[in-house]
Structures are given as C-alpha cells and as structure tokens.
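J.: Got a structure for you, written out below as structure tokens; questions coming shortly.
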C-alpha cells in the first residue's frame, strides 16, 4: 500500500542553493515581514505568513523519522524565517529531530535580523547546542539609504547586531548581498557599506546575487522610482569596489547563483587578489572571462 508523503508543502517552496540535499521541513509558511520590494519569493496569495501548528510539525517530524530516519542528514527549516518562533518552540522541534531523525548532522534556517532582537546570546547558544548549526541572513546591503529605499525594515546596526549574536552563539552565518540593489545613484555607497558590514562581522560564508525582477519592476519602483539598473559592466565595477574594500580573515565567498554572469568562488582574504583579477578581466575583456550566457541565467 502506498504511503502518504509526510510533509504538507505550500508552494512555491524555496531554499538556499547549498540546501539542495536537505530535507525541507516547513515550520512556518511565508515571511513575517514580506515587505521588501525586491523580493518575489513569498508574494503568492497562498503564502500568507503564519506559524504552523506545533503538533502538526511534531507529527511531521515523527512520520519523517518512520520513513527516512536512515537517509536524512541535513534539514532546512522553512519557510522565510523560522527563527521568528519562540526559543521554546524551536527547542521542542530540535529535540524531536534528534529523537526521530538521529542521523541529522546539520539543521539550518533563513533568519531575518529582526527575529533575533528578543533572543539573547544565551538562547541562541542553547539552540546551537540543540542542533541549529547554520543561519542564512539576507542582509542585501550594508547601506542604510539602500535598505530604506527597498523597505528592508533593517539598518546596518540591526543587521550587525544579529550577526554578532549568531557569531557569539557559535551559529555559522551565511550572509547574502544583492549586487546592483542600489542602482546607479547609490552603487558606490552600496558597495562600500556592504563591505563595511562584512568586515565588522566576519561571517563564515558570504554570497552575492544579482538583483533581478522576473515578475516585473512595478513593486520595486513604487518605493524607489529613481532606481536605474546597472548594466553588466557596471555590476562588475560595483563588485570590484566591494571586493577591494573587504578585509576578511577567512570567509568562504561565493558569487555563483544563477543570476550572476560572472561566477566567483574563493576564500577571503587568502584569494582576494585572484578574485579581483577575475573581476577586472571581466570589466576589461568580458569575452575572455567565461561569462554565463543570458539563457543560462535562471531568474
């Protein structure tokens, strides 16, 4: 007799690229903020934010254990910000994962900086000890004007505070920034202050994506009417300015999301000069840079 799939998903479902082999376990639906004008991930009507019923989630974990206990080694807590749940609820979920899925070695989640304002370092340390190993923080920019224009609801200081809390608790931080988010007018300060944020927090992982609007720019331009997109070369120039300003001790850097023309991978600061040379080649000799063709850019 065919068994029912144990997880109730509400489409569309999102996860970071590095969670491709993870079991996606939804503990919330949608995003509690969902006002960032550049983001199209949780705008579908069925993605209205809500925390999932706790018993439903616990039952899902138990059923996954019955079916997949020997197979699952990584879990990603969905949707947009599982960390909005109380520490008590998160601890219950992590304990259930340990009980029913004992082979799991890494649990991760998206994390909005605002969701850590009322969580202490001690609480985060307890979550880390219970299995929460990695938090993906969409900083998008370190520049307060850019953040205000895109209605991020965060500032340089609020993002830095959240990243510092996670770091102090021993939770690995993967920070995402958006190349081109400030447009032509704010490109220099976007690059400089984004680098300043990374330098101040020294995240373990750092990634850049190119800002894009598959569903159109109307929502974005409602709050940023003067925004002018950067062309390909201008995006590379902004990337050069960003990399040049970085002073990182040992951060794994990736700019390999499908939105990027230029794929960059390395460790900062050990490979900073090599990465800069790749970007400078793309600026001066784009045809020699192995750029990703437009048709391969999955937006």
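Taken together, the values in this text are just the output of simple stated rules run on the coordinates, not laboratory data. The structure displayed is predicted, hence computed values, not measured ones. Here the Cβ is made from the backbone with ideal geometry for all residues, glycine too, and neighbour counts use every protein chain on show.
J.: Working out 0.36 nm times the residue gap between residue 277 and residue 24, then minus their Cα-Cα distance, what length gain in nm do you get to one decimal?
T.: Numbers: separation 253, 0.36 × 253 = 91.08 nm, distance 3.76 nm.
Going from the current span to full extension adds 87.3 nm.
J.: A further question on this structure: The range 209-230 to the range 120-155: how many Å between their Cα centroids?
T.: Cα centres, the range 209-230 to the range 120-155: 23 Å.
J.: Give the separation of the Cα centroids, the range 1-79 to the range 231-256, in Å.
T.: Between the Cα centres of the range 1-79 and the range 231-256 lies a distance of 32 Å.
J.: Which order results if 237, 252 are arranged by neighbouring Cβ count within 10 Å, fewest first? Intermediate values should be presented prior to the final figure.
T.: Working: 237 19, 252 15.
The fewest-first ordering by Cβ neighbours comes to 252, 237.
J.: Continuing with this model, one more query. Report, to the nearest 10°, how far helix 87-100 tilts away from the longest principal axis of the Cα atoms in the chain, using its own Cα long axis and a range of 0 to 90°.
T.: That helix lies at roughly 70 degrees to the long axis.
J.: Order by neighbour count: 294, 256, 157, fewest other Cβ atoms within 10 Å first, most last.
T.: Fewest-to-most Cβ neighbours within 10 Å comes out as 294, 157, 256.
J.: A further question on this structure: For the chain, set up a Gaussian network in which alpha carbons nearer than 10 Å are linked by springs, and say which option among 285, 221, 114 fluctuates the most.
T.: 285
J.: By how many nm would the segment from residue 157 to residue 71 grow when fully extended, if each residue of separation counts as 0.36 nm and the alpha-carbon distance is taken off? Could you put the intermediate results ahead of the total?
T.: Working: separation 86, 0.36 × 86 = 30.96 nm, distance 4.08 nm.
So the chain would gain 26.9 nm between residue 157 and residue 71.
J.: Report, in deg cm²/dmol and to the nearest 500, the calculated mean residue ellipticity at 222 nm for the chain, where each DSSP H run with n ≥ 4 adds -39500 (n - 2.57) and the sum is divided by the residue count.
T.: That calculation yields -11500 deg cm²/dmol at 222 nm.
J.: If you don't mind, there's one more thing I want to ask. When the Kirkwood radius is taken over all Cα pairs of the range 17-286, what Stokes-Einstein diffusion coefficient follows at 20 °C and 1.002 mPa s, in µm²/s?
T.: This corresponds to a translational diffusion coefficient of 111 µm²/s.
J.: Using the Kirkwood radius built from alpha carbon pairs, what does the Stokes-Einstein equation give as D for the range 169-285 at 10 °C and 1.306 mPa s, in µm² per second?
T.: Once the numbers are plugged in, D ends up at 108 µm²/s.
J.: Tell me the angle of helix 183-201 to the major Cα principal axis of the chain, expressed in degrees between 0 and 90 and rounded to the nearest ten.
T.: Taking Cα atoms only, the helix is inclined about 50 degrees.
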